[in-house]
């Protein structure tokens with residue numbers, strides 16, 4: 001949910017071009033990685049049925065939308081200074097992805113951090129279809145759809161006299177942040193953003209410590225390598241969210257506490273930009289823990305011609 005552009009005098013003159021180049025490079029290299037990971041997870045039924053892959057597929061899909069639509073349109077606005085494809089429908093879609101899908105990805109990441117404790121240390125809780133329904137599928141559906149459905153209503157259905165401007169990023173802010181009560185705005189800030197990001201870090205750190213503490217016992221189990229990969233995958237992805245989102249979360253909490261000017265010189269030009277970085281890193285973090293990664297990359301990226309061996313044939317008259 002970065003905001004572009006910045007007119008702060010504290011920003012070096014070269015920063016906007018450097019920032020644009022880095023994010024554009026991130027888009028270019030991340031999209032093929034997204035496609036590769038989707039191909040790897042969706043082409044085999046065994047991986048589709050694996051419980052810990054379900055949340056990662058949804059997380060990949062949400063972040064793919066953020067990279068291909070939200071970030072690209074934001075960079076285009078940053079480059080031109082106005083919305084080049086200005087249209088009310090497109091503006092609403094842009095706002096929906098930046099709020100509903102972005103918050104949805106954070107909520108899904110929180111559930112992944114929490115559920116991984118269950119899948120690694122308490123697998124019996126999801127051992128039967130009935131348990132999987134109540135402990136896996138229903139919570140996954142809730143955390144995946146809650147914020148997208150909420151902001152779909154607020155952006156597409158809720159009547160509040162929304163106006164759009166081609167000279168503002170995302171065509172302006174949604175009416176929730178101008179017409180709604182302060183209590184609703186605080187709820188949106190804390191419940192949809194601050195709390196999930198903080199819990200992602202807590203759940204991930206406790207998962208890592210639990211895994212290290214119990215690794216001697218788990219090494220004797222057949223599923224040791226599988227649990228290690230699940231832990232590594234979660235830690236890598238959650239680290240991207242914690243490192244990139246936590247600074248802006250801390251400053252946001254201070255702003256909401258009655259100090260709106262705190263760290264403004266780094267808030268807009270630097271910290272809010274970092275919130276786009278997890279969407280670029282997520283596919284790489286997930287791909288590092290995929291099984292048979294080298295073989296898949298070799299098959300997809302390198303074309304090898306089959307050589308035909310020509311041998312003389314004996315002619316019998």
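For segment 98-113, backbone nitrogen atoms closer than 20 Å to the point 7 Å from residue 199 Cα along Cα-to-C-beta are found at 99-113.
Start at zero, step by 10 Å, and the Cα-Cα distances of segment 76-227 spread as 10, 28, 27, 17, 12, 5, 0 percent across the bins. Cβ crowding within 10 Å, taken as a proxy for footprinting-reagent exposure, orders 213, 170 from fewest neighbours to most as 213, 170.
If you stretched the chain out fully between residue 76 and residue 228, how much longer would it get, using 0.36 nm times the residue separation minus the C-alpha to C-alpha distance?
Numbers: separation 152, 0.36 × 152 = 54.72 nm, distance 4.08 nm.
Taking residue 76 through residue 228 to full extension adds about 50.6 nm, to one decimal.
Both radii are taken from the alpha-carbon atoms of segment 23-301; with Rh as the Kirkwood radius, Rg/Rh is 0.98.
With both labels modelled 7 Å from their Cα along Cα-to-Cβ, the residue 250 to residue 39 distance reads 4.1 nm.
Quick one: if the Förster radius is 30 Å, what FRET efficiency do residue 266 and residue 47 give, using the C-beta to C-beta distance and rounding to 0.05? It comes to 0.15. With neighbour counts taken as other beta-carbon atoms within 10 Å, the residues 229, 45 rank, fewest first, as 45, 229.
Throughout, read-outs are computed from the coordinates displayed, never taken from laboratory work. Being a predicted model, the structure only gives us computed values, none of them experimental. Here Cβ is always computed from backbone atoms with ideal geometry, including for glycine, and neighbour counts include all displayed protein chains.
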